[in-house]
Amino acid sequence: NNEKSVPQLLIRDLKFENSLAKLMFSPDQENHPSKAPVKYGELIVLGYNGSLPNGDRGRRKSRFALFKRPKANGVKPSTVHIACTPQAAKAISNKDQHSISYTLSRAQTVVVEYTHDSNTDMFQIGRSTESPIDFVVTDTVPGSQSNSDTQSVQSTISRFACRIICERNPPFTARIYAAGFDSSKNIFLGEKAAKWKTSDGQMDGLTTNGVLVMHPRNGFTEDSKPGVWREISVCGNVFSLRETRSAQQRGKMVENETNQLQDGSLIDLCGATLLWRTAEGLARTPTVKHLEALRQEINAARPQCPVGFNTLAFPSMKRKDVVDEKQPWVYLNCGHVHGYHNWGNKEERDGKDRECPMCRSVGPYVPLWLGCEAGFYVDAGPPTHAFSPCGHVCSEKTTAYWSQIPLPHGTHTFHAACPFCAHQLAGEQGYIRLIFQGPLD
């Protein structure tokens, strides 16, 4: 039986417990266990397989680590002013004072002053490249290979989209709030923004396209299940979704849920979705080294093309965009893995659908790519399954998890997508089990 699934054979060889234990620790812990600064967690942008298409640069990258700051920069609400003229509001909002302005009408603005909080660190995320933004996020275009693909699109991500406040003391709780402070330390909710007075006399509001959050059930593990998408307000309260992203009417307040991020929480900024991983969660996640070991194990088993009998090999992690001559290809309807060949390319078809020489099933035929962003994996299992139609390969539990997650798309639709390239998933399950052929000798 040449059709044994090679990765299943590998599992028995992967009992290298000691070396695996070493690989499972993140690089930070390996190098300097005692001196490492406290890491609160990391934000990873969905749709990028380890780095941005043109490379990570400065504050614009595919993942961003939040470390404890040398000096606390958090803020908390203090005084509330009711200003009857815009001039009075301007006088209140001085450049050294964080404040949130709620414009109720041309005649009335409520300004909430924020004061320094020595117990928290604040991190801001948005499209703006101005200095208050710690992590610059641009719109994700599914499967785009260069940033030039993304520039022409009118962005729906807010310039100052959201802020995350982390407790400086254990357990280092992280909370998310809609909107970020601009260069003059102000958040300004104009007349059209949804805003209201709360029962205790405070003000609250929503941003134009909103900040949505989903906390998975059972954490971010192989037992994870999707949670419910909610909207987070400027003050960190939790609401059910509006009818569309920018509807004037807010959803219902969800009293028993909080804005506290947990391992695996998803944050949607309307144009990009971010995955939050806690430091503890990342310590349990496979590292790039572990994924590289799995790649080498598969290649060492010398899977073969059943047509050309040539040996197949996954290209190195660094060559993740260029199709290699030894690259494995798959028929997405059946999962049979081959090398690239012209068999079954019937001219009357549009060139996308091909007939598998092993089982005659007809469907798309695509190159396979390893999923290199370790933060998306829910377990350390071998790369036995591929997302359809993009061909990104990872563990079975990981494909099963992401195929169940409805990710926001546009202003009012949701669909499952590959975390490595953001392509909408297709087919019954959205993924397929790979059937490798072992060497004949």
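The values are calculated or read from the model by the stated rules, or taken from the named source; none is laboratory data. Predicted, not measured: the structure shown is a model, and the values here were computed from it. Positions of Cβ are backbone-derived with ideal geometry, glycine not excepted, and every protein chain shown enters the neighbour counts. Heavy atoms of the whole protein, side chains included, go into the accessibility calculation; ligands, DNA and RNA do not. Shrake-Rupley method; radii C 1.70, N 1.55, O 1.52, S 1.80 Å.
Please compute the length gained on full extension between D223 and Q248, using 0.36 nm multiplied by the number of residues separating them and subtracting their Cα-Cα distance.
Additional length available on full extension: 5.3 nm.
Taking 8 Å as the Cα distance limit and 6 or more residues as the minimum spacing, I'd like the relative contact order of the stretch 288-436 as a percentage.
After rounding, I find 19 percent.
How about the stretch 181-239: which trypsin sites (Lys or Arg not before Pro) there lie in a loop by DSSP and see at most 14 other Cβ atoms within 10 Å? Intermediate results must be reported in sequence, preceding the final value.
On the way: sites: K185, K192, K195, K197, R217, R230; in loops: K185, K192.
When the trypsin sites (Lys or Arg not before Pro) of the stretch 181-239 are filtered for loop state and at most 14 Cβ neighbours within 10 Å, K192 remain.
With every protein chain kept in place and ligands, DNA and RNA left out, what is the accessible area per residue of the stretch 288-436? Probe 1.4 Å, answer in Å².
Solvent-accessible surface per residue comes out at 42 Å².
First measure r as the distance between the Cβ atoms of L104 and T411, then evaluate 1/(1 + (r/R0)^6) with R0 = 35 Å and state the FRET efficiency to the nearest 0.05.
0.85
Taking the Cβ-Cβ separation of E428 and V362 as r and a Förster radius of 22 Å, what is the calculated FRET efficiency to the nearest 0.05?
Between E428 and V362 the formula returns 0.90.
What shape does the stretch 218-312 take by its C-alpha gyration tensor, where a ≥ b ≥ c are the square roots of the eigenvalues and a/c under 1.5 counts as rounded, a/b above b/c as prolate, and the rest as oblate?
Details: a/c = 3.86, a/b = 2.35, b/c = 1.64.
Prolate shape, in that a/c is at least 1.5 and a/b is the bigger ratio.
Starting from the Cα-Cα distance between E255 and Q154, subtract it from 0.36 nm times their residue separation and give me the gain in nm to one decimal.
Length gained between E255 and Q154: 32.8 nm.
Please compute the Kirkwood hydrodynamic radius of the stretch 288-436 from all pairs of different C-alpha atoms, in Å with one decimal.
15.8 Å
Given the Cα-Cα distance of V38 and E130 and 0.36 nm per residue of separation, how much length would full extension add, in nm?
Fully extending the segment from V38 to E130 adds 30.5 nm.
5 Å is the cut-off here: which amide hydrogens, built 1.01 Å from N in the peptide plane, fall below it relative to H338, excluding neighbours closer than 5 in sequence?
W329, V330, Y331
Give me the one-decimal nm value for the distance between modelled label points at N119 and N54, 7 Å along each residue's Cα-to-Cβ direction.
Output for this residue pair reads 4.4 nm.
For the stretch 157-167, just list the computed ³J(HN,Hα) in residue order, Karplus coefficients 6.51, -1.76 and 1.60, θ = phi - 60°, integers in Hz, with x standing in for Gly and Pro.
With coefficients 6.51, -1.76 and 1.60, one gets 7, 5, 4, 10, 6, 7, 9, 10, 10, 10, 5 Hz.
Which percent of the accessible heavy-atom area of the stretch 288-436 goes to carbon and sulfur, probe 1.4 angstrom?
Percent of accessible area from carbon and sulfur atoms in the stretch 288-436: 50.
Between beta-carbons, use under 11 Å as the cut-off and find the net charge around L275, counting Lys and Arg +1, Asp and Glu -1.
Charge balance in the 11 Å sphere: -2.
Would the stretch 211-272 count as rounded, prolate or oblate if I go by the C-alpha gyration tensor, calling it rounded below 1.5 in a/c and otherwise prolate when a/b exceeds b/c, oblate otherwise?
prolate
Between S184 and V322, what is the label-point separation in nm under the 7 Å Cα-to-beta-carbon projection?
Result: 5.0 nm between the two label points.
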